[in-house]
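Q: After the structure tokens below, expect a handful of questions from me.
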Amino acid sequence: MNLRRLSGLAALIAAAGLAAASVQAAEACVDDTLPGRLADAPVRLCVEAKAGQPARYRLWLAGEVRISGDEPAARQGLAGDWYGHPLGLRCTGAGNVRRCDLTVDGEAAWNAELVLPR
């Protein structure tokens, strides 16, 4: 076996590994339950950030994704539905901190602060 070819192949594999690592995503999530009249409904909010791309938000209620969208849309307000109840999610922030507010039927229902890993 030719050791020069083998070391060249190893270098190529290592370079490919570095390239793959550079596009990995950082994700932050919050798990909670909704208060008030929707008490005990599990809620999960995640924001995923990839280098060079807008952050992406996903909100689960009762185990199903009800709202998803990218950061520019989340700043304007994302909409969803939960068994006929209109949902709204608006997220703001700068740096690695995001504050998100959820409305149900047009009323404030829940909020969370997420900190993205750097």
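Q: Name the long-range amide H neighbours of Ala41: under 5 Å, sequence gap of 5 or more, or other chain; modelled H, no Pro or chain starts.
A: Those lying under 5 Å, H to H, from Ala41 are Leu34.
Q: While we're looking at this one, here's another question. Once phi is turned into θ = phi - 60°, what whole-Hz ³J(HN,Hα) does the Karplus curve with 6.51, -1.76 and 1.60 give for every residue of region 59-70, x standing for Gly and Pro?
A: Listing the rounded values in order: 10, 9, 10, 6, x, 10, 5, 10, 9, 8, x, 8 Hz.
Q: Contact order normalised by length for region 29-115, with contacts defined as Cα pairs under 8 Å and 6 or more residues apart; what percent is it?
A: Relative contact order here is 18 percent.
Q: Which order do Arg37, Arg98 take by accessible area at a 1.4 Å probe, largest first?
A: Listed by decreasing accessible area, they come as Arg37, Arg98.
Q: Of Val97, Val65, which has the most accessible area with a 1.4 Å probe, and how do the rest follow in descending order?
A: Greatest to least solvent exposure: Val65, Val97.
Q: Subtracting the Cα-Cα distance from 0.36 nm times the residue separation, let me have the gained length for Asp101 to Ser68 in nm, one decimal.
A: 10.5 nm
Q: Taking a 1.4 Å probe, which of Glu64, Glu113 shows the most accessible area, and what order do the others take after it?
A: Glu113, Glu64
Q: Through the Karplus equation 6.51 cos²θ - 1.76 cosθ + 1.60, θ set to phi - 60°, convert the phi angles of region 78-83 into ³J(HN,Hα) values in whole Hz; use x for Gly and Pro.
A: Each residue's phi maps through the Karplus curve to give 9, 10, x, 9, 9, 6 Hz.
Q: Considering only Gly84, Ala73, Ala94, whose Cα is most displaced toward the positive end of the charge dipole of region 57-100, charges sitting on Cβ of Lys, Arg (+1) and Asp, Glu (-1)?
A: Final value for the positive-end residue is Ala94.
The values are calculated or read from the model by the stated rules, or taken from the named source; none is laboratory data. Keep in mind the model is a prediction, meaning the values are calculated, not measured. No Cβ is skipped: glycine too gets one built from the backbone with ideal geometry, and neighbour counts run over all protein chains shown. Protein only, heavy atoms only, side chains kept; ligands, DNA and RNA dropped before computing areas. Shrake-Rupley method; radii C 1.70, N 1.55, O 1.52, S 1.80 Å.
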